[in-house]
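The values are calculated or read from the model by the stated rules, or taken from the named source; none is laboratory data. Since the model is a prediction, treat every value here as computed from it, not as a measurement. For neighbour counting, all protein chains shown are included, and Cβ atoms are generated from backbone atoms with ideal geometry for every residue, glycine included. Quick note on the areas: whole protein, heavy atoms, side chains included, nothing else; ligands and nucleic acids left out. Shrake-Rupley method; radii C 1.70, N 1.55, O 1.52, S 1.80 Å.
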Amino acid sequence: MDVKTVGVIGAGTMGRGIAYAAALGGYRTILEDVMPETLAKGMAWIKQSLDEGVSRGKVESSSRNTALALIETSSSVENVCREADFLIEAVPEEMELKLELFTLFDKFAKPEAVLASNTSSLSVSEMAEMTYRPELCVGMHFFNPVPKMRLIEVVRAPKTSDKTIAICREVGSRMGKEVVVVKESPGFITTRVNALIGNEAFAMLEAGIASAEDIDKALKLGLNHPMGPFELVDLVGLDVRLSILEYLHSTLGEKYKPNPLIKKLVAEGRLGRKTGRGVYDYSSPSEPKK
Ligand code: CAA
């Protein structure tokens with residue numbers, strides 16, 4: 001199938017980033033969310049990111065204008081399904097929600113449409129089982145912040161067809177990303193490694209081995225990580241990381257058992273940048289502090 005229209009379900013952090021990349025890739029893009037204010041925020045973010053791309057010389061101003069003209073919004077999953085050749089869901093990481101969506105995809109999407117999930121760890125097969133077309137179901141795992149991150153992990157479930165993988169490669173490349181294909185398994189490649197590093201960092205902090213700042217500094221300057229593990233978990237969300245760890249613990253075993261400190265911070269509502277406080281405090285305009 002020749003993909004012309006990409007439908008993105010969920011206009012949160014990841015959905016709006018995916019819509020940005022799809023529109024810049026020249027696809028007609030429909031961004032859906034049930035919350036009008038999330039859609040409005042998503043569109044404002046997309047415009048701002050395109051402007052930033054132009055001012056940094058990464059996006060031509062004509063491409064910015066074309067991309068903006070290619071994006072539409074919708075509050076109806078059903079309508080998006082009817083229009084899209086490539087559907088990507090980017091709703092919160094709750095299997096129930098994903099299963100509901102794949103049921104709707106199967107009911108309303110075009111017969112040839114690819115049905116993709118942006119899940120960062122959950123089973124694509126389970127989602128595919130909600131449909132009569134598992135060969136068209138696949139994972140397309142993007143990274144935050146999408147405009148700056150170059151990878152997509154394409155997740156191949158046992159029944160995903162070669163044709164679907166080929167379409168994902170083509171779509172990913174038009175979005176300006178590099179693609180790796182990974183066999184379905186909990187956490188794929190990146191989430192699995194990242195979860196371990198992050199959990200180990202919490203274990204060191206809890207044991208008083210070093211301060212959060214020094215652990216971050218050590219990984220940035222000693223191992224050339226672009227961000228320290230605490231800066232990163234504050235960006236991703238401690239709640240998101242905790243639920244990933246819980247899932248990996250239940251599927252891959254003890255080494256993924258969430259450190260008690262991350263559980264404590266989540267219970268206190270310290271979820272990261274989005275709540276103004278995670279490992280670091282972002283509530284004052286000055287530099288974040290622990
Ligand atoms: N559009 C296009 N390109 C843009 C852009 C835009 N709007 N804004 C910036 N860029 C380009 C920049 O020009 C720059 O390009 P060059 O490297 O070619 O110069 C590049 O993007 C990086 O931009 P910055 O200079 O602003 O970036 P930085 O050096 O400050 O680094 C960062 C920012 C990329 C976020 C870096 O800190 C980083 O890589 N951090 C780690 C992030 C990470 O690990 N994310 C994954 C989280 S896990 C996840 O998302 C999935 C999950 O499963 C939970």
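At-a-glance table
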quantity: Candidates 207, 218, 212, filtered to the one that is outside the structural domain of residue 150 (by TED's automatic domain parsing), open to solvent by less than 50 Å² (accessible area, probe 1.4 Å) and closer than 24 Å to residue 260 by Cβ; calculated: 212
quantity: Filtered residue count, the range 231-247, keeping only those that are open to solvent by less than 30 Å² (accessible area, probe 1.4 Å) and not in a loop (DSSP other than H, G, I, E, B); calculated: 7
quantity: Helices (runs of 4 or more DSSP H) contained entirely in the range 1-104, each with at least 2 residues that are assigned by TED's automatic domain parsing to the domain that holds residue 166 and open to solvent by less than 20 Å² (accessible area, probe 1.4 Å); calculated: 13-24, 36-55, 77-83
quantity: Some residue of the range 272-289 being of a type in the set (Val, Ile, Thr) and within 12 Å of the ligand (Cβ to nearest atom); calculated: no
quantity: Hey, residue 274 over 14 Å from residue 202 (Cα atoms) and open to solvent by 50 Å² or more (accessible area, probe 1.4 Å) or not; calculated: yes
quantity: Qualifying residue in the range 177-187 (condition: on the phi > 0 side of the Ramachandran plot, surrounded by fewer than 20 Cβ atoms within 10 Å (Cβ to Cβ) and in the same structural domain as residue 161 (by TED's automatic domain parsing)); calculated: no
quantity: In the range 190-219, the residues that are over 18 Å from residue 272 (Cβ atoms) and within 11 Å of the ligand (Cβ to nearest atom); calculated: 190, 192, 193
quantity: Identity of the residue in the range 112-137, more than 16 Å from the ligand (Cβ to nearest atom) and of a type in the set (Val, Ile, Thr), that ends up nearest to residue 179 (Cα to Cα); calculated: 114
quantity: Residues located in the range 199-230, provided they are assigned to a helix (DSSP H, G or I), touching a residue at least 24 places away in the same chain (Cβ under 8 Å) and either hydroxyl-bearing (Ser, Thr, Tyr) or in contact with a Gly (Cβ under 7 Å, 6 or more places away or on another chain) (or both); calculated: 229
